[in-house]
Amino acid sequence: MYPDLKLFIAGKWRKATSDMTVVNPATEEELGRLPCASKSDLDDALEAAEKGFRIWSRTSPRDRADTMLRAAALIRERQEEIAQSMTLEHGKPLPQARLEVIRGAEFFEWDAGEAMRTYGRVIPAAHGHKFSVHHQPIGVVAAFSPWNFPMSQPARKIAGALASGCSIILKAAEETPAGAIHIARAFEDAGLPAGVLNLVFGDPAEISSYLIPQDPVRLVAFTGSTAIGRHLTILASEHMTSVLMELGGHAPVIVCEDTDVQTAAVSGAIRKMRNGGQVCTSPTRFFVHESIFDEFTSTFVKRAAATVVGNGMEAGVEMGPLANDRRVPVLTNFVEDARAKGATVATGGERLGNTGYFFQPTVLVNVPENAQIMQEEPFGPVAVINPVASLDEAIAQANSVPFGLAGYAFTNRADYIDRMIDEVEVGNLSINTLEASMPETPFGGVKSSGYGREGGTEGLENYMTIKHVWHSAKIS
Ligand code: NAD
């Protein structure tokens, strides 16, 4: 069920001289050996990507779209096999993995359509002159995708690059390689020319520091923590290479006094625990009007505590283990720090069991501003619920972190919504839903949450450059 793990370079699958273990986070058993690319593998990938770029950038947008749609159809056909391998390596419940596979296919489908709509424009000019603006693929993309969504994270970057006419070298997450392997297989079977998509694995720092300074690389596309994003941005800037950065979030949820308290609380508790809270848009800091605070908190805590935690392959499980062992001490420290500074641990707060990286669904209440979790994203199944006296206070709290990716609110008051649209500092604001993005909507952050957008009609902009052409009919 779990795929054979290989590098995909110049249209061929290959092993490497060194490898690392991929582990099932629910059982801690070895799932496979992941090949780590050497410098010579990376040189081959760069050469292949340069050749791939020459072919693909000259392929018509309609033909590029056809290939992408064929690959998306294969991903849909292979949904069950892909989903099972993702649950094994990541731990997420199988139904959530199945949905993610379809979301991955949708990213390719949307961007395939956009490939044919990267319109330029004509600027009025004097008689005998023509001014035109052309959007052209930027070149070879070096992309780095994280472990929290093994299918949809690599899909977003590959889709953007291929729709724009770029070639790509993707370093997918070493803990969760299966999604990217399945994408590469689908594109191989769909007839993508060799070298357009290259897939490597290995030590992230070694690979990024080797690839980013290379001449053919014209865009660095990264999803992950703000600290690593900043480091890669500095590296890219030394070579005047563009960046697309989807970085951390620490999403606020403003719960107003007019809302349906029970429904909002249940929805918040369920959504917080999705993917074990390992989502950059995960709703984390709940600022609840003091008049409904007790009712909201008790309902939320009850539903969070009732979350069915277990092996994602088992029916009925709502939350799997954390995706890797690094997260367990990180989350424990967040909880201990908040408790020491006066927060109430209303439920959870500890590792669950001795095998697998399970962590209890956790709710912290009345968390003081100086607690570490009020400034740093937990990236796990931990929610904070604090009372606020007014919308002013809620908005100030929402904006009090360096991040600005997703933000949410529960209210039906038009005046409140109007103010939040103007004042909440995020790239994605959702009212009365805790969904933040779709393939057709632009996704990305402000402040330390990054630069650029993926998805929507804006999604291909980072992958393209703008060329202005001035054509004079006579030499002047
Ligand atoms: P991390 O910061 O070490 O790594 C985050 C991601 O960046 C991983 O996928 C990793 O492979 C990659 N990475 C790390 N160093 C790199 C380098 N020098 N060059 C290229 N890629 C590199 O932390 P972690 O323990 O893996 O994850 C924890 C933190 O990462 C979380 O707190 C969260 O903020 C962030 N994260 C964010 C997302 C997201 O969707 N925005 C996804 C995963 C992790």
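Looking across the range 308-353 at every residue that is of a type in the set (Gly, Ala, Ser) and part of a helix (DSSP H, G or I), the one that is farthest from the ligand (Cβ to nearest atom) is identified as ALA340.
Counting only residues that are assigned to a loop (DSSP other than H, G, I, E, B) and in contact (Cβ under 8 Å) with a residue 24 or more places away in the chain, how many does the range 1-37 have? It would help to see each step written out before you state the result.
Keep residues of the range 1-37 that are assigned to a loop (DSSP other than H, G, I, E, B), which gives 1-6, 10-11, 15-17, 24-29, 37.
Narrowing further to those that are in contact (Cβ under 8 Å) with a residue 24 or more places away in the chain: 1-6, 10-11, 16, 24-28, 37.
Counting residues in the range 1-37 that are assigned to a loop (DSSP other than H, G, I, E, B) and in contact (Cβ under 8 Å) with a residue 24 or more places away in the chain gives 15.
Taking the range 95-120 on its own, how many of its residues are of a type in the set (A, V, I, L, M, F, W, C), buried (at least 20 other Cβ atoms within 10 Å of the Cβ) and more than 17 Å from the chain's Cα centre (by Cα)? Spell out how you get there, then give the answer.
Initially, the range 95-120 is screened for residues of a type in the set (A, V, I, L, M, F, W, C), giving 97, 99, 101-102, 105, 107-108, 110, 112, 115-116.
The next check asks that each one be buried (at least 20 other Cβ atoms within 10 Å of the Cβ); those that pass are 97, 101, 105, 107-108, 110, 112, 115.
From the residues that got through so far, the ones that are more than 17 Å from the chain's Cα centre (by Cα) too are 112, 115.
Looking only at that region, the number is 2.
For the condition outside the structural domain of SER132 (by TED's automatic domain parsing), among the acidic types (Asp, Glu) and either crowded, with 24+ Cβ neighbours inside 10 Å or at pLDDT 95 or above (or both), GLU393 qualifies. Of the strands (runs of 3 or more DSSP E) lying entirely inside the range 358-432, those carrying at least 2 residues that are within 22 Å of GLU295 (Cβ to Cβ) are 362-365, 382-388, 406-410. Filtered by the rule that a residue be in contact with a Pro (Cβ under 6 Å, 6 or more places away or on another chain) and surrounded by fewer than 18 Cβ atoms within 10 Å (Cβ to Cβ), the range 3-28 gives LYS15, ASP19. Being among the aliphatic types (A, V, I, L, M) and over 16 Å from the mean Cα position of the chain (by Cα) is the filter here, so list the residues in the range 423-433 that pass it. Those that are among the aliphatic types (A, V, I, L, M) and over 16 Å from the mean Cα position of the chain (by Cα): VAL424, LEU429, ILE431.
If the condition is being under 14 Å from the mean Cα position of the chain (by Cα) and in a loop (DSSP other than H, G, I, E, B), then the range 251-289 contributes GLN278, VAL279, CYS280, THR281, SER282.
Against the conditions (1) modelled with pLDDT of 95 or more; (2) surrounded by fewer than 20 Cβ atoms within 10 Å (Cβ to Cβ), ARG326 satisfies every one except (1). The residues of the range 230-259 that are closer than 30 Å to PRO216 by Cβ and charged (D, E, K, R), listed by number, are ARG230, GLU238, GLU246.
Within the range 437-444, is there a residue that is assigned to a strand (DSSP E or B), outside the structural domain of PHE286 (by TED's automatic domain parsing) and touching a strand residue (DSSP E or B) at 6+ places or on another chain (Cβ under 8 Å)? Working first, answer last.
To start, the set of residues in the range 437-444 that are assigned to a strand (DSSP E or B) comprises 443.
Filter again for outside the structural domain of PHE286 (by TED's automatic domain parsing), leaving 443.
If we keep only those that are touching a strand residue (DSSP E or B) at 6+ places or on another chain (Cβ under 8 Å) too, we end up with 443.
The answer is yes, given that some residue of the range 437-444 is assigned to a strand (DSSP E or B), outside the structural domain of PHE286 (by TED's automatic domain parsing) and touching a strand residue (DSSP E or B) at 6+ places or on another chain (Cβ under 8 Å).
Here ILE102 meets the list (1) within 16 Å of the ligand (Cβ to nearest atom); (2) of a type in the set (Val, Ile, Thr); (3) closer than 24 Å to LEU322 by Cα; (4) out of contact with any His (no Cβ under 8 Å at 6 or more places or on another chain) almost entirely, failing just condition (1). Taking the range 121-228 and the helices (runs of 4 or more DSSP H) fully enclosed by it, the elements with 1 or more residues that are free of Cβ contacts under 8 Å to residues at least 24 places away in the same chain, within 11 Å of the ligand (Cβ to nearest atom) and under 24 Å from the mean Cα position of the chain (by Cα) are at 204-211. For the range 69-92, the condition holds for no residue, the condition being that it is without any contact (Cβ under 8 Å) to a residue 40 or more places away in the chain, outside any helix (DSSP H, G or I) and not aliphatic (A, V, I, L, M). Screening the candidates SER242, SER237 for the property of being away from the ligand (no atom under 13 Å from the Cβ), out of contact with any Leu (no Cβ under 9 Å at 6 or more places or on another chain) and farther than 27 Å from LEU74 by Cβ yields one hit, SER237.
The values are calculated or read from the model by the stated rules, or taken from the named source; none is laboratory data. Computed from a prediction, not measured in an experiment: that's the story for all the values here. Heads up, the Cβs are rebuilt from the backbone with ideal geometry, glycines too, and the neighbour counts pull from every protein chain shown.
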